[in-house]
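**Student:** Sharing a structure below in structure tokens format, with a few things to ask.
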Amino acid sequence: MISQSTVSPAARVFSIGELCEAILLQADPADVIRSRRVNHKLLEVITHSTPLQRKLFLLPELPTAGGSKEDEKAVINPLAPAFFQRLEGYRSSTIYSRINLTDLWREHLKWAGALDDCQFPVNTESTGAPAAPLWRNMLIAQPPTQSCVIPVGDHMTICGSRKYPNGMRFGDLEKAVIAAFEIRQGRRASKERLDELSASNTVLIYRR
């Protein structure tokens, strides 16, 4: 049995769930994500803490007392995956974005275990079997957005619309974009086509 005198003060603090949670709530969201890998205690605290799950956009924020959803300005998830790019020049109630379809399809194939196309080489620096990415379950914004419109077609004149009553997550966005542009194995997922679509697509994400 380890003597209390041999345990560092930091270890004692982080062994107390309430103190650990209070400290992590002051940390940058990316640091909270990395902290999940430190030990089982930190992972347990982050996984079961409602405030920390909200901080990581895994649970919706509670409405502000005395206000409505429409009164609250959307906060974009700072942990958004690299394929998501917010664009400027649209009203504040709408998240105007562009998706890098080349990066999105690479991520989709990698986590589906099918990344063997020479156009999308596997990262040889990684070792072992990676865990599924947390961003798939993360809300795009707080308060949660609930719908999106994706213009498609030769002149982007046809719009695909989808609803997410429980909040739109990046995994939902991934599926919606792949379906809207009919991306699948073969020529429809060629790097040339994905690069071209990446330069011109827009996705409009709404609070309701």
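**Student:** Could you please tell me the mean projected area of the C-alpha convex hull for region 4-55, averaged over all directions and given in square nanometres to one decimal?
**Tutor:** That works out to 3.5 nm², a quarter of the Cα hull's surface.
**Student:** Shifting gears a bit: Show which lysines lie in cross-link reach of residue 175 when reach means a straight Cα distance below 23 angstrom and same-chain residues fewer than eight apart are skipped.
**Tutor:** Within reach: 110, 163, 191.
The numbers here are math on the coordinates, done by the rules we state, and not lab data. Keep in mind that what you see is a predicted model, and the values were worked out from it rather than measured.
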